[in-house]
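One structure is given below, encoded as structure tokens.
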Amino acid sequence: MDGLIWKIKLQPRRMSVFSVLCLLLLSYWASALAAPKNNKISTNSVSVQAALIKNFTHLIKWPKNKHKKNNATFRLCIHYSKKLEQQFKTIFTDKRIKGKPVDIQNVNSTDLNACDLVYITASSIESISHILKSAHQRGILTISAQDGYGQQGIHINFYESNEYMAFELNKHALDSAGFQVSTQLYRYARIVK
């Protein structure tokens, strides 16, 4: 642990983002309840995922040639879940991502033109390859909480680990889409291919 503290002191610009992520993860691990085993996502799990998503966006740079710079809002799309859309709208009220107000939208097609980030639900299984292709072409970050979705190409996939929320990163999918991810985020993730 002394090495980690020493390293942080040498790199003060990274300390604030790193500290926020560590505090968020530590606070969740201290009070976390696991997501249920069925495919339904608990409210507590959604709140934790939303907080992590917000913090992850600070550790990821979008592809410059694909990301829409002129949008007044950060568009977080939910693929096929009005319930999750409502939960995220409640959680993200008056919050900002990348310095912009967050606009939550439910999308029911593979047309993701309006999205900066898309949360892919279990209902999306039949169209996942089309969603991933569209997201990859447009520089849209993909997130899910479904078993096996990380291996299919989802950028960030939440999963249960010993009753706690954890996440995996698909490094190949992130790199090939042009995302630049902080090494600090990789330290806490399980890497999938």
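Summary of values
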quantity: Selection count, region 83-99, where residues are within 15 Å of residue 56 (Cα to Cα) and either free of Cβ contacts under 8 Å to residues at least 40 places away in the same chain or aromatic (Phe, Trp, Tyr) (or both); calculated: 3
quantity: Conditions (1) of a type in the set (Ser, Thr, Tyr); (2) within 21 Å of residue 50 (Cβ to Cβ); (3) crowded, with 17+ Cβ neighbours inside 10 Å: number failed by residue 164; calculated: (3)
quantity: Residue 93 of a type in the set (Ser, Thr, Tyr), closer than 18 Å to residue 47 by Cα and open to solvent by 20 Å² or more (accessible area, probe 1.4 Å); calculated: yes
quantity: Residues that are touching a Lys or Arg at 6+ places or on another chain (Cβ under 8 Å) and either over 16 Å from residue 49 (Cβ atoms) or surrounded by fewer than 21 Cβ atoms within 10 Å (Cβ to Cβ) (or both), drawn from region 111-130; calculated: 112, 113, 114, 115, 116
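The values are calculated or read from the model by the stated rules, or taken from the named source; none is laboratory data. Just so you know, these numbers come straight off a predicted model, no measurement behind them. Quick reminder, even Gly has a Cβ in these numbers, built from the backbone with ideal geometry, and neighbours come from all protein chains shown. The protein model used for the area step is the full one, side chains on, heavy atoms only, and it has no ligands, DNA or RNA in it. Shrake-Rupley method; radii C 1.70, N 1.55, O 1.52, S 1.80 Å.
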